[in-house]
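To start, the structure itself, in structure tokens.
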Amino acid sequence: MKKIAILGSTGSIGTQTLEVVRENKDIEVAGIAAGSNIRLMEQQIREFHPRIAAVWTEEKARELRELVHDTDVKVTSGMDGLLELASMEESEILVTAIVGMIGIRPTIAAIEAGKDIALANKETLVTAGHIIMPLAEKMGVKILPVDSEHSAIFQSLGKSPTKEVHKILLTASGGPFRGKKKEELCDIRVEDALKHPNWVMGRKITIDSSTMVNKGLEVMEARWLFKVKIDDVQVVVQPQSVIHSMVEFVDGAVIAQLGTPDMKLPIQYALYYPMRRYLPGERVDFWKIGRLDFEEPDMETFYGLKLAYEAGRKGGTLPTVFNAANEMAVGLFLDRKISYPEITETIEDCMRVHRTIPDPTVEQILDTEAATYERIQSRR
């Protein structure tokens, strides 16, 4: 019986992880954590019987305790609750499906406790990859990517050493506004940006995909996961989202992972690695697809991707600024307080004024996040 804990159990990745658990009979959910969706957490507790359930605020924790008072679950709150869940003895793998930099400290705690990480929280490596990856290596812990693109790279690499890799080809759908020019983005509404052509995801990541900022975050994440230079990660637009990513080796061979756009595949692969299990669902039908298209990304229109490469090259605290500024700007856009182009404009403004700290500690990373939020709020 494989035992897991899930950070972000009520979100898109978290709920799909629980679908994988439902379809397999040999995974036990030892702990779950979420933000504020208490009613869904109650349902998850009653179905999966975790030992610990962590929520962010004590107010929500009290509400959840009342709802599940007839069960044996321990309800905790705040960062202490997340850290307790991340390092609990009963779990072997921590699925980090939580959104934002709140995932850094629990991921570190899990690694220090010897847990493997099924990584869906890209902010952890974007901002603290220089801390996370050496620590995982020291503790003998596996970092198993859950993002479809990084899972595809992981699968394509196999056992090949980094020295045999010439280039990582990170695919992108191009999002709902592929082919548009910068001036055409001024009147984009929230509803428009939330219509991804291929994937069903959470609201923030769907907006990030439309701006291609998400692809920039993935470039920075890939740099740490696969121990390559930032400019050895090349973004390729593949509109059908059939090729999830590729690896070009030093001899010119290119190996790719293909599949339907279903996040349960990379989730299940991470949980059972290195084994493969049967996964019900649609299969790729090449007769129906007929063709696969490839395009160069438009980094002038979607210059959030260009800014991501800049942040990744410079490193230090600049990726934190990129991530934090985007996180707040997307929130403001979803609340209809700023326009669509202002998302990327906000990122650029915060990056231009930041004085980068090389090799930051966790505290310096979190301080940088707070300072970035403060700048954006002060300018409103």
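The values are calculated or read from the model by the stated rules, or taken from the named source; none is laboratory data. Nothing here was measured: the structure is a model prediction, and the numbers come from that model. Here Cβ is always computed from backbone atoms with ideal geometry, including for glycine, and neighbour counts include all displayed protein chains. Side chains included, ligands, DNA and RNA excluded: accessible areas come from the protein's heavy atoms. Shrake-Rupley method; radii C 1.70, N 1.55, O 1.52, S 1.80 Å.
Here is how the numbers come out for the structure above:
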read-out	value
Candidate set: segment 205-259, residues that are over 25 Å from Leu194 (Cα atoms) and among the charged types (D, E, K, R); chosen: the one least open to solvent (accessible area, probe 1.4 Å)	Glu248
Residue list for segment 111-133, filter: among the charged types (D, E, K, R) and in a helix (DSSP H, G or I)	Glu112, Lys122, Glu123
Which numbered condition Gly281 misses (of (1) open to solvent by less than 70 Å² (accessible area, probe 1.4 Å); (2) out of contact with any Asp or Glu (no Cβ under 8 Å at 6 or more places or on another chain); (3) within 25 Å of Ile153 (Cα to Cα); (4) assigned to a loop (DSSP other than H, G, I, E, B))	(2)
Some residue of segment 98-106 being in contact with a Leu (Cβ under 7 Å, 6 or more places away or on another chain) and either over 28 Å from Phe154 (Cα atoms) or open to solvent by 10 Å² or more (accessible area, probe 1.4 Å) (or both)	yes
Sole exception among (1) surrounded by 15 or more Cβ atoms within 10 Å (Cβ to Cβ); (2) touching a residue at least 24 places away in the same chain (Cβ under 8 Å) for Met1, by number	(1)
Single residue of segment 160-202 satisfying the filter (in a helix (DSSP H, G or I) and in contact with a helix residue (DSSP H, G or I) (Cβ under 7 Å, 6 or more places away or on another chain)) that is surrounded by the most Cβ atoms within 10 Å (Cβ to Cβ)	Ala193
Evaluation of Arg51 against (1) more than 26 Å from Glu112 (Cα to Cα); (2) open to solvent by 40 Å² or more (accessible area, probe 1.4 Å) (one fails), failing number	(1)
Every pair of residues 6+ apart whose Cβ atoms lie under 8 Å, when the first sits in segment 140-157 and is under 18 Å from Ala128 (Cα atoms) and modelled with pLDDT of 95 or more while the second is open to solvent by 20 Å² or more (accessible area, probe 1.4 Å) and acidic (Asp, Glu)	Val141/Asp116; Lys142/Asp116; Ile143/Asp116; Leu144/Asp116
Subset of segment 14-36 that is open to solvent by 10 Å² or more (accessible area, probe 1.4 Å) and of a type in the set (Ser, Thr, Tyr) - its residue that is farthest from the chain's Cα centre (by Cα)	Ser36
Positions within segment 97-113 being free of Cβ contacts under 8 Å to residues at least 40 places away in the same chain and of a type in the set (D, E, K, R), in sequence order	Glu112
Within segment 285-380, helices (runs of 4 or more DSSP H) holding 3 or more residues that are modelled with pLDDT of 95 or more	303-314, 318-334, 341-353, 362-378
Qualifying residue in segment 203-220 (condition: under 20 Å from Met101 (Cα atoms), among the aliphatic types (A, V, I, L, M), at pLDDT below 95 and outside any helix (DSSP H, G or I))	no
Tally, over segment 137-153, of residues that are assigned to a helix (DSSP H, G or I) and surrounded by fewer than 21 Cβ atoms within 10 Å (Cβ to Cβ)	3
Criterion: crowded, with 20+ Cβ neighbours inside 10 Å and in contact with a strand residue (DSSP E or B) (Cβ under 9 Å, 6 or more places away or on another chain) - qualifying residue of Tyr269, Tyr303	Tyr269
Residue in segment 5-13 that is without any contact (Cβ under 8 Å) to a residue 24 or more places away in the chain and either open to solvent by 20 Å² or more (accessible area, probe 1.4 Å) or touching a Cys at 6+ places or on another chain (Cβ under 8 Å) (or both) present	no
Selected residue (only one of Leu125, Leu82 is of a type outside the set (Gly, Ala, Ser), buried (at least 22 other Cβ atoms within 10 Å of the Cβ) and touching a Pro at 6+ places or on another chain (Cβ under 7 Å))	Leu82
Any chance Ile104 is in a helix (DSSP H, G or I), at pLDDT 95 or above, closer than 26 Å to Leu265 by Cα and touching a Ser or Thr at 6+ places or on another chain (Cβ under 7 Å)	yes
